[in-house]
Amino acid sequence: MKIAVLPGDGIGTEIVAEAVKVLQVLDLKFEMETAPVGGAAYEAAGHPLPDATLNLAKASDAILFGAVGDWKYDKLERALRPEQAILGLRKHLGLYANFRPAICYEELVGASSLKPELIAGLDILIVRELTGDIYFGQPRGRRTAVDGHFPGAEEAFDTMRYSRPEIERIAHTAFQAARKRNKKVTSVDKANVLETFQFWKDVVTEVHKDYPDVELSHMYVDNAAMQLVKAPKSFDVIVTGNMFGDILSDEAAMLTGSIGMLPSASLNSKNQGLYEPSHGSAPDIAGKGVANPLATILSAAMMLRFSLNQATAADRIESAVKRVLASGLRTADIWSAGTTKVGTREMGDAVVAAITKTKG
Ligand code: NAD
(Lines give C-alpha, C1' and ligand atoms only; values in the text may rest on other atoms or scores of the structure.)
Protein backbone atom coordinates (compact mmCIF):
# COMPACT_ATOMS: atom_id res chain seq x y z
CA MET A 1 0.00 0.00 0.00
CA LYS A 2 1.31 3.39 -0.94
CA ILE A 3 0.15 6.81 0.24
CA ALA A 4 1.13 9.99 -1.57
CA VAL A 5 1.42 12.78 0.97
CA LEU A 6 0.80 16.20 -0.58
CA PRO A 7 0.80 18.87 2.17
CA GLY A 8 0.50 21.90 -0.14
CA ASP A 9 0.41 25.46 1.16
CA GLY A 10 -0.48 27.55 4.18
CA ILE A 11 -1.70 25.44 7.08
CA GLY A 12 -1.49 22.37 4.77
CA THR A 13 1.99 21.46 5.97
CA GLU A 14 1.05 21.88 9.66
CA ILE A 15 -2.12 19.80 9.60
CA VAL A 16 -0.77 17.04 7.35
CA ALA A 17 2.21 16.59 9.69
CA GLU A 18 -0.26 15.78 12.49
CA ALA A 19 -2.20 13.31 10.35
CA VAL A 20 1.04 11.57 9.34
CA LYS A 21 2.00 11.30 13.00
CA VAL A 22 -1.35 9.65 13.73
CA LEU A 23 -0.97 7.21 10.82
CA GLN A 24 2.52 6.25 11.95
CA VAL A 25 1.38 5.26 15.43
CA LEU A 26 -1.07 2.69 14.05
CA ASP A 27 1.62 0.12 13.18
CA LEU A 28 0.18 -0.52 9.73
CA LYS A 29 2.32 -1.48 6.77
CA PHE A 30 2.31 1.20 4.13
CA GLU A 31 4.77 3.39 2.37
CA MET A 32 4.36 7.19 2.48
CA GLU A 33 6.01 9.50 -0.04
CA THR A 34 5.77 13.28 0.10
CA ALA A 35 5.68 15.66 -2.88
CA PRO A 36 5.00 19.37 -3.37
CA VAL A 37 1.67 20.58 -4.73
CA GLY A 38 -0.02 23.95 -5.27
CA GLY A 39 1.94 27.13 -4.57
CA ALA A 40 4.78 25.11 -3.02
CA ALA A 41 5.12 23.15 -6.28
CA TYR A 42 4.91 26.33 -8.33
CA GLU A 43 7.82 27.74 -6.33
CA ALA A 44 9.83 24.52 -6.62
CA ALA A 45 9.04 23.40 -10.16
CA GLY A 46 7.14 26.20 -11.90
CA HIS A 47 3.80 24.34 -11.96
CA PRO A 48 1.14 23.67 -9.28
CA LEU A 49 0.91 20.02 -10.30
CA PRO A 50 4.32 18.94 -11.64
CA ASP A 51 4.55 15.64 -13.52
CA ALA A 52 6.50 14.04 -10.66
CA THR A 53 3.69 14.84 -8.20
CA LEU A 54 0.97 13.70 -10.60
CA ASN A 55 2.82 10.44 -11.34
CA LEU A 56 3.28 9.76 -7.63
CA ALA A 57 -0.45 10.36 -7.09
CA LYS A 58 -1.36 8.03 -9.96
CA ALA A 59 0.92 5.29 -8.64
CA SER A 60 -0.48 5.47 -5.10
CA ASP A 61 -3.49 3.76 -3.54
CA ALA A 62 -4.45 6.96 -1.78
CA ILE A 63 -3.47 10.59 -1.53
CA LEU A 64 -3.41 12.51 1.72
CA PHE A 65 -3.80 16.14 0.72
CA GLY A 66 -3.51 19.26 2.88
CA ALA A 67 -4.67 22.40 1.12
CA VAL A 68 -3.44 24.71 -1.61
CA GLY A 69 -3.64 28.42 -2.31
CA ASP A 70 -2.53 31.78 -1.14
CA TRP A 71 -3.71 35.22 -2.09
CA LYS A 72 -0.19 36.05 -3.32
CA TYR A 73 -0.78 33.78 -6.34
CA ASP A 74 -4.00 35.54 -7.39
CA LYS A 75 -2.23 37.47 -10.11
CA LEU A 76 -0.82 34.37 -11.83
CA GLU A 77 -2.50 33.16 -15.00
CA ARG A 78 -5.27 30.70 -14.12
CA ALA A 79 -3.40 27.56 -15.29
CA LEU A 80 -0.56 28.25 -12.85
CA ARG A 81 -2.63 29.05 -9.78
CA PRO A 82 -2.32 26.61 -6.86
CA GLU A 83 -6.01 25.64 -6.98
CA GLN A 84 -5.47 24.17 -10.46
CA ALA A 85 -3.55 21.32 -8.79
CA ILE A 86 -6.66 20.01 -7.12
CA LEU A 87 -8.73 20.28 -10.31
CA GLY A 88 -5.91 18.51 -12.19
CA LEU A 89 -5.76 15.65 -9.68
CA ARG A 90 -9.55 15.19 -9.82
CA LYS A 91 -9.46 15.14 -13.60
CA HIS A 92 -6.40 12.92 -14.13
CA LEU A 93 -7.43 10.38 -11.51
CA GLY A 94 -11.11 10.46 -12.45
CA LEU A 95 -12.13 11.31 -8.86
CA TYR A 96 -15.80 11.81 -9.58
CA ALA A 97 -17.39 11.08 -6.21
CA ASN A 98 -16.83 13.46 -3.33
CA PHE A 99 -18.02 12.43 0.12
CA ARG A 100 -18.39 15.10 2.76
CA PRO A 101 -19.84 13.90 6.02
CA ALA A 102 -21.12 16.68 8.29
CA ILE A 103 -21.24 15.32 11.80
CA CYS A 104 -21.86 17.43 14.87
CA TYR A 105 -19.90 16.02 17.79
CA GLU A 106 -21.83 16.20 21.04
CA GLU A 107 -19.02 18.17 22.68
CA LEU A 108 -19.11 20.83 19.97
CA VAL A 109 -22.84 21.56 19.90
CA GLY A 110 -22.12 24.98 21.43
CA ALA A 111 -19.66 25.91 18.65
CA SER A 112 -22.38 25.99 15.98
CA SER A 113 -24.13 29.22 15.11
CA LEU A 114 -27.44 27.28 15.10
CA LYS A 115 -29.54 26.43 18.15
CA PRO A 116 -28.25 23.26 19.88
CA GLU A 117 -31.54 21.39 19.37
CA LEU A 118 -31.26 21.86 15.61
CA ILE A 119 -27.84 20.31 15.28
CA ALA A 120 -27.35 17.96 18.26
CA GLY A 121 -26.82 14.51 16.77
CA LEU A 122 -26.48 15.83 13.21
CA ASP A 123 -25.02 13.24 10.84
CA ILE A 124 -25.51 13.93 7.15
CA LEU A 125 -23.51 13.00 4.10
CA ILE A 126 -23.16 15.17 1.03
CA VAL A 127 -22.25 13.26 -2.12
CA ARG A 128 -21.03 15.77 -4.66
CA GLU A 129 -20.28 14.98 -8.30
CA LEU A 130 -16.76 16.25 -8.80
CA THR A 131 -15.57 16.02 -12.39
CA GLY A 132 -18.42 17.50 -14.43
CA ASP A 133 -20.86 20.40 -14.42
CA ILE A 134 -20.03 24.04 -15.10
CA TYR A 135 -16.56 23.68 -13.48
CA PHE A 136 -15.31 21.47 -16.31
CA GLY A 137 -17.77 22.12 -19.17
CA GLN A 138 -16.40 23.39 -22.44
CA PRO A 139 -16.54 25.80 -24.17
CA ARG A 140 -15.78 28.61 -21.77
CA GLY A 141 -14.02 31.91 -22.12
CA ARG A 142 -14.40 35.56 -23.01
CA ARG A 143 -15.75 36.96 -26.24
CA THR A 144 -17.79 39.73 -27.78
CA ALA A 145 -21.50 39.15 -27.31
CA VAL A 146 -23.44 38.59 -30.52
CA ASP A 147 -26.83 38.60 -28.77
CA GLY A 148 -28.24 38.93 -25.25
CA HIS A 149 -28.97 42.24 -23.55
CA PHE A 150 -25.81 43.98 -24.77
CA PRO A 151 -24.72 42.77 -28.24
CA GLY A 152 -21.18 43.93 -29.00
CA ALA A 153 -20.20 44.09 -25.32
CA GLU A 154 -17.38 42.00 -23.82
CA GLU A 155 -18.80 38.95 -22.05
CA ALA A 156 -17.66 35.78 -20.28
CA PHE A 157 -19.36 32.38 -20.44
CA ASP A 158 -19.11 28.84 -19.02
CA THR A 159 -20.90 25.65 -20.00
CA MET A 160 -23.04 23.58 -17.65
CA ARG A 161 -23.35 19.99 -18.87
CA TYR A 162 -23.86 16.46 -17.56
CA SER A 163 -23.91 13.21 -19.53
CA ARG A 164 -26.15 10.27 -18.58
CA PRO A 165 -23.25 8.01 -17.40
CA GLU A 166 -21.88 10.79 -15.19
CA ILE A 167 -25.23 11.18 -13.46
CA GLU A 168 -25.85 7.44 -13.27
CA ARG A 169 -22.59 6.64 -11.51
CA ILE A 170 -22.91 9.37 -8.88
CA ALA A 171 -26.55 8.38 -8.28
CA HIS A 172 -25.48 4.75 -7.71
CA THR A 173 -22.77 5.98 -5.33
CA ALA A 174 -25.32 7.98 -3.33
CA PHE A 175 -27.94 5.20 -3.16
CA GLN A 176 -25.29 2.68 -2.09
CA ALA A 177 -24.02 5.06 0.61
CA ALA A 178 -27.61 5.60 1.83
CA ARG A 179 -28.09 1.83 2.15
CA LYS A 180 -25.38 1.84 4.82
CA ARG A 181 -27.05 4.75 6.62
CA ASN A 182 -30.68 5.82 7.07
CA LYS A 183 -31.77 4.92 3.50
CA LYS A 184 -32.83 8.41 2.46
CA VAL A 185 -31.46 10.32 -0.53
CA THR A 186 -32.31 13.91 -1.38
CA SER A 187 -31.28 14.80 -4.93
CA VAL A 188 -30.66 18.54 -5.19
CA ASP A 189 -31.19 20.24 -8.55
CA LYS A 190 -32.49 23.34 -10.26
CA ALA A 191 -34.77 21.47 -12.66
CA ASN A 192 -37.26 24.33 -12.73
CA VAL A 193 -34.75 26.56 -14.57
CA LEU A 194 -31.89 24.48 -15.97
CA GLU A 195 -32.15 21.85 -18.70
CA THR A 196 -29.02 20.13 -17.32
CA PHE A 197 -30.72 19.64 -13.97
CA GLN A 198 -34.06 18.47 -15.40
CA PHE A 199 -31.97 15.75 -17.06
CA TRP A 200 -30.16 15.14 -13.74
CA LYS A 201 -33.51 14.68 -11.98
CA ASP A 202 -34.83 12.31 -14.69
CA VAL A 203 -31.70 10.11 -14.61
CA VAL A 204 -31.55 9.98 -10.78
CA THR A 205 -35.22 8.92 -10.78
CA GLU A 206 -34.42 6.11 -13.26
CA VAL A 207 -31.43 4.88 -11.24
CA HIS A 208 -33.61 4.88 -8.12
CA LYS A 209 -35.59 1.94 -9.57
CA ASP A 210 -32.60 -0.26 -8.61
CA TYR A 211 -32.90 0.85 -4.98
CA PRO A 212 -36.52 0.39 -3.88
CA ASP A 213 -35.39 0.13 -0.26
CA VAL A 214 -34.02 3.70 -0.35
CA GLU A 215 -36.35 6.70 -0.18
CA LEU A 216 -35.70 9.35 -2.83
CA SER A 217 -36.85 12.96 -2.77
CA HIS A 218 -35.95 15.89 -5.00
CA MET A 219 -35.30 19.43 -3.83
CA TYR A 220 -34.40 22.66 -5.60
CA VAL A 221 -31.02 23.99 -4.56
CA ASP A 222 -32.38 27.26 -3.17
CA ASN A 223 -34.77 25.35 -0.92
CA ALA A 224 -31.97 22.92 0.05
CA ALA A 225 -29.80 25.86 1.15
CA MET A 226 -32.68 27.03 3.32
CA GLN A 227 -33.58 23.60 4.74
CA LEU A 228 -29.95 22.97 5.69
CA VAL A 229 -30.15 25.76 8.24
CA LYS A 230 -33.84 25.32 9.10
CA ALA A 231 -33.98 21.56 9.65
CA PRO A 232 -30.58 20.00 8.88
CA LYS A 233 -31.42 16.74 10.62
CA SER A 234 -34.19 16.07 8.08
CA PHE A 235 -31.46 15.02 5.60
CA ASP A 236 -29.55 11.76 5.41
CA VAL A 237 -27.67 11.65 2.09
CA ILE A 238 -27.71 14.64 -0.26
CA VAL A 239 -26.57 14.01 -3.84
CA THR A 240 -25.92 16.90 -6.15
CA GLY A 241 -23.79 18.35 -8.94
CA ASN A 242 -20.38 19.90 -8.69
CA MET A 243 -21.29 23.56 -8.21
CA PHE A 244 -24.32 23.13 -5.95
CA GLY A 245 -22.36 20.57 -3.91
CA ASP A 246 -19.46 22.97 -3.52
CA ILE A 247 -21.70 25.60 -1.96
CA LEU A 248 -23.98 23.33 0.09
CA SER A 249 -21.10 21.36 1.58
CA ASP A 250 -19.49 24.53 2.94
CA GLU A 251 -22.85 25.55 4.36
CA ALA A 252 -23.18 22.13 5.99
CA ALA A 253 -19.63 22.48 7.32
CA MET A 254 -20.57 25.55 9.32
CA LEU A 255 -23.55 23.75 10.87
CA THR A 256 -21.11 21.63 12.77
CA GLY A 257 -19.28 24.54 14.33
CA SER A 258 -16.04 24.67 12.40
CA ILE A 259 -14.80 23.85 8.97
CA GLY A 260 -11.68 22.64 10.80
CA MET A 261 -13.58 19.49 11.84
CA LEU A 262 -14.73 18.23 8.45
CA PRO A 263 -12.97 15.55 6.43
CA SER A 264 -13.63 14.64 2.82
CA ALA A 265 -12.94 11.84 0.39
CA SER A 266 -12.89 11.95 -3.41
CA LEU A 267 -12.98 8.55 -5.05
CA ASN A 268 -12.71 7.06 -8.51
CA SER A 269 -14.20 3.80 -9.75
CA LYS A 270 -11.17 1.83 -8.46
CA ASN A 271 -11.59 3.21 -4.92
CA GLN A 272 -8.38 5.11 -5.33
CA GLY A 273 -8.98 8.29 -3.39
CA LEU A 274 -7.85 11.73 -2.46
CA TYR A 275 -8.46 12.61 1.18
CA GLU A 276 -8.39 16.18 2.39
CA PRO A 277 -9.97 18.50 4.91
CA SER A 278 -12.96 20.44 3.58
CA HIS A 279 -11.25 23.75 4.28
CA GLY A 280 -8.58 25.65 2.38
CA SER A 281 -5.04 26.72 3.20
CA ALA A 282 -6.15 29.44 5.66
CA PRO A 283 -3.33 31.90 4.89
CA ASP A 284 -4.63 34.13 7.72
CA ILE A 285 -3.50 31.64 10.39
CA ALA A 286 -0.70 29.80 8.54
CA GLY A 287 2.55 29.40 10.46
CA LYS A 288 0.94 30.28 13.79
CA GLY A 289 0.48 26.71 14.98
CA VAL A 290 -3.21 27.28 15.76
CA ALA A 291 -4.95 25.44 12.89
CA ASN A 292 -7.27 22.60 13.79
CA PRO A 293 -5.72 19.36 12.44
CA LEU A 294 -8.79 17.19 13.17
CA ALA A 295 -10.38 17.47 9.71
CA THR A 296 -7.14 16.16 8.21
CA ILE A 297 -6.77 13.45 10.83
CA LEU A 298 -10.39 12.38 10.20
CA SER A 299 -9.64 12.44 6.43
CA ALA A 300 -6.81 9.99 7.11
CA ALA A 301 -9.37 7.78 8.88
CA MET A 302 -11.64 7.92 5.80
CA MET A 303 -8.59 6.98 3.69
CA LEU A 304 -7.97 3.89 5.79
CA ARG A 305 -11.61 2.88 5.51
CA PHE A 306 -12.33 3.57 1.83
CA SER A 307 -9.05 3.04 -0.03
CA LEU A 308 -6.81 0.97 2.24
CA ASN A 309 -9.31 -1.51 3.63
CA GLN A 310 -8.36 -0.82 7.25
CA ALA A 311 -11.72 -0.16 8.90
CA THR A 312 -10.54 -1.08 12.40
CA ALA A 313 -7.69 1.41 12.24
CA ALA A 314 -10.15 4.05 10.96
CA ASP A 315 -12.43 3.36 13.95
CA ARG A 316 -9.48 3.76 16.30
CA ILE A 317 -8.70 7.22 14.94
CA GLU A 318 -12.33 8.36 15.06
CA SER A 319 -12.87 7.16 18.59
CA ALA A 320 -9.57 8.75 19.69
CA VAL A 321 -10.77 12.09 18.27
CA LYS A 322 -14.03 11.77 20.23
CA ARG A 323 -12.14 11.03 23.44
CA VAL A 324 -9.81 13.99 22.94
CA LEU A 325 -12.81 16.28 22.47
CA ALA A 326 -14.51 14.76 25.50
CA SER A 327 -11.37 15.51 27.53
CA GLY A 328 -11.96 19.20 26.82
CA LEU A 329 -9.06 19.98 24.45
CA ARG A 330 -9.93 22.50 21.72
CA THR A 331 -8.08 24.40 19.03
CA ALA A 332 -9.01 28.10 18.82
CA ASP A 333 -11.70 27.61 16.12
CA ILE A 334 -13.77 25.33 18.37
CA TRP A 335 -12.79 26.72 21.75
CA SER A 336 -15.45 27.83 24.22
CA ALA A 337 -15.33 28.89 27.86
CA GLY A 338 -14.54 26.01 30.20
CA THR A 339 -12.44 24.08 27.68
CA THR A 340 -8.65 24.02 27.22
CA LYS A 341 -7.17 25.83 24.24
CA VAL A 342 -4.37 23.95 22.47
CA GLY A 343 -2.37 24.42 19.29
CA THR A 344 -2.10 22.24 16.18
CA ARG A 345 0.73 20.09 17.48
CA GLU A 346 -0.75 19.54 20.94
CA MET A 347 -4.02 18.43 19.35
CA GLY A 348 -2.18 15.93 17.13
CA ASP A 349 -0.18 14.69 20.12
CA ALA A 350 -3.40 14.21 22.11
CA VAL A 351 -4.92 12.05 19.35
CA VAL A 352 -1.72 10.00 19.16
CA ALA A 353 -1.79 9.55 22.94
CA ALA A 354 -5.46 8.51 22.88
CA ILE A 355 -4.70 5.89 20.20
CA THR A 356 -1.65 4.62 22.05
CA LYS A 357 -3.69 4.20 25.22
CA THR A 358 -6.09 1.80 23.48
CA LYS A 359 -3.24 -0.35 22.16
CA GLY A 360 -2.85 -2.54 25.18
P1 NAD B 1 -10.18 28.68 4.05
O2 NAD B 1 -10.98 27.43 4.22
O3 NAD B 1 -8.73 28.51 3.84
O4 NAD B 1 -10.39 29.62 5.33
C5 NAD B 1 -11.66 30.14 5.70
C6 NAD B 1 -11.63 30.53 7.19
O7 NAD B 1 -11.62 29.33 7.97
C8 NAD B 1 -10.38 31.30 7.59
O9 NAD B 1 -10.72 32.25 8.56
C10 NAD B 1 -9.47 30.25 8.20
O11 NAD B 1 -8.57 30.76 9.16
C12 NAD B 1 -10.48 29.28 8.81
N13 NAD B 1 -9.97 27.90 8.80
C14 NAD B 1 -9.85 27.10 7.72
N15 NAD B 1 -9.31 25.92 8.08
C16 NAD B 1 -9.10 25.98 9.42
C17 NAD B 1 -8.56 25.07 10.36
N18 NAD B 1 -8.13 23.84 10.04
N19 NAD B 1 -8.47 25.48 11.65
C20 NAD B 1 -8.90 26.70 12.03
N21 NAD B 1 -9.44 27.60 11.18
C22 NAD B 1 -9.52 27.25 9.87
O23 NAD B 1 -10.85 29.47 2.84
P24 NAD B 1 -10.39 30.83 2.14
O25 NAD B 1 -9.81 31.77 3.16
O26 NAD B 1 -11.55 31.25 1.34
O27 NAD B 1 -9.26 30.38 1.14
C28 NAD B 1 -7.86 30.44 1.43
C29 NAD B 1 -7.08 29.81 0.29
O30 NAD B 1 -7.41 28.42 0.24
C31 NAD B 1 -7.44 30.36 -1.09
O32 NAD B 1 -6.26 30.48 -1.84
C33 NAD B 1 -8.37 29.32 -1.66
O34 NAD B 1 -8.36 29.29 -3.05
C35 NAD B 1 -7.79 28.08 -1.09
N36 NAD B 1 -8.71 26.92 -0.98
C37 NAD B 1 -8.15 25.70 -1.21
C38 NAD B 1 -8.92 24.56 -1.07
C39 NAD B 1 -8.24 23.22 -1.28
O40 NAD B 1 -7.03 23.15 -1.24
N41 NAD B 1 -8.99 22.15 -1.49
C42 NAD B 1 -10.27 24.66 -0.71
C43 NAD B 1 -10.81 25.93 -0.45
C44 NAD B 1 -10.01 27.07 -0.58
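3J(HN,Hα) along region 133-140: 6, 5, 6, 10, x, 10, x, 8 Hz, from the Karplus curve 6.51 cos²θ - 1.76 cosθ + 1.60 with θ = phi - 60°, whole Hz, x for Gly and Pro.
With the convex hull drawn around the C-alpha atoms of region 134-261, the volume per residue stands at 140 Å³. Using C-alpha pairs under 8 Å with a sequence gap of at least 6, the mean separation divided by the residue count of region 1-96 gives a relative contact order of 37 percent.
For region 1-106, applying the loop criterion from DSSP together with a ceiling of 11 other beta carbons within 10 Å to the trypsin sites (Lys or Arg not before Pro) yields Lys29, Lys75.
For region 176-209, trypsin sites (Lys or Arg not before Pro) meeting the loop criterion (DSSP other than H, G, I, E, B) and having at most 11 other Cβ atoms within 10 Å: Lys180, Lys209. Between Asp158, Asp315, Asp236, the residue with the greatest mean-square fluctuation in the GNM of the chain (Cα pairs under 10 Å linked by springs) is Asp158.
Taking the Cα centre of region 1-142 as origin and assigning +1 to Lys and Arg Cβ atoms and -1 to Asp and Glu Cβ atoms, the resulting dipole is close to 620 debye. For region 212-360, the solvent-accessible area with a 1.4 angstrom probe is 39 square angstrom per residue. Just checking the listed ones, Leu122, Leu89, Leu76: in the Gaussian network model of the chain with Cα springs under 10 Å, the one fluctuating most is Leu76. For chymotrypsin sites (Phe, Trp or Tyr not before Pro), no site in region 151-195 is both called loop by DSSP and has at most 12 other Cβ atoms within 10 Å.
Relative contact order of the chain, taken over Cα pairs closer than 8 Å and 6 or more residues apart, is 21 percent.
For region 1-128, compute the number of Lys pairs whose alpha carbons are separated by less than 17 Å, excluding pairs fewer than 8 positions apart on the same chain. Lysine pairs meeting the criterion: 5. Over region 32-151, Cα pairs under 8 Å with separation of 6+ residues give a relative contact order of 20 percent.
Of interest is the spacing of the C-alpha centroids, which for region 117-168 and region 315-360 amounts to 39 Å.
Computed from phi, the 3J(HN,Hα) profile of region 103-116 under the Karplus parametrisation 6.51, -1.76, 1.60 (θ = phi - 60°) reads 10, 9, 5, 3, 5, 10, 3, x, 7, 7, 7, 8, 4, x Hz, with x in place of Gly and Pro. Projecting the Cα positions of Leu54, Ile11, Ala40 onto the charge dipole of region 1-88 (unit charges on Cβ atoms of Lys, Arg, Asp and Glu, taken about the Cα centre) puts Leu54 furthest along the positive direction. Assuming a ≥ b ≥ c are the square roots of the Cα gyration tensor eigenvalues, decide whether region 1-67 counts as rounded (a/c under 1.5), prolate (otherwise, with a/b larger than b/c) or oblate. It comes out oblate by the Cα gyration axes.
Taking the charge dipole of the chain about its Cα centre, with +1 at Lys and Arg Cβ atoms and -1 at Asp and Glu Cβ atoms, the residue from Ala174, Ala67, Ala145 reaching farthest to the positive side is Ala174. Label-to-label distance for Arg78 and Asp222 is 2.7 nm, based on points extended 7 Å past Cα in the beta-carbon direction. Of Glu276, Glu168, Glu31, the residue with the greatest mean-square motion in the GNM of the chain, using alpha carbon springs below 10 Å, is Glu31. Only protein atoms count toward the accessible area here, which uses a 1.4 Å probe; on region 216-267, the carbon and sulfur part of that area reaches 67 percent. Backbone amide hydrogens, once placed in the peptide plane, bring Ile126 within less than 5 Å of Arg100, Ala102, Ile238, excluding anything fewer than 5 places away on its chain. Listed values for region 311-325 are Karplus-derived 3J(HN,Hα) couplings in whole Hz (6.51 cos²θ - 1.76 cosθ + 1.60, θ = phi - 60°), namely 4, 5, 5, 4, 4, 4, 5, 5, 6, 5, 4, 4, 5, 5, 5, and x replaces Gly and Pro. When the chain is described by a simple charge dipole with +1 on each Lys and Arg Cβ and -1 on each Asp and Glu Cβ, the residue from Ala313, Val237, Gly132 located farthest towards its positive end is Ala313. Counted over all Cα-Cα pairs of region 1-114, pairs farther apart than 24 Å make up 34 percent. Placing +1 on the Cβ of every Lys and Arg and -1 on the Cβ of every Asp and Glu, with no other charges, gives region 131-277 a dipole of roughly 480 debye about its Cα centre.
The values are calculated or read from the model by the stated rules, or taken from the named source; none is laboratory data. The model shown is predicted, which means the values in this text are computed figures rather than measured ones. Note that we place each Cβ from the backbone using ideal geometry, even for glycine, and neighbour counts take in every protein chain shown. For the accessible areas, the whole protein counts, side chains as well, though only heavy atoms, and no ligand, DNA or RNA atoms are used. Shrake-Rupley method; radii C 1.70, N 1.55, O 1.52, S 1.80 Å.
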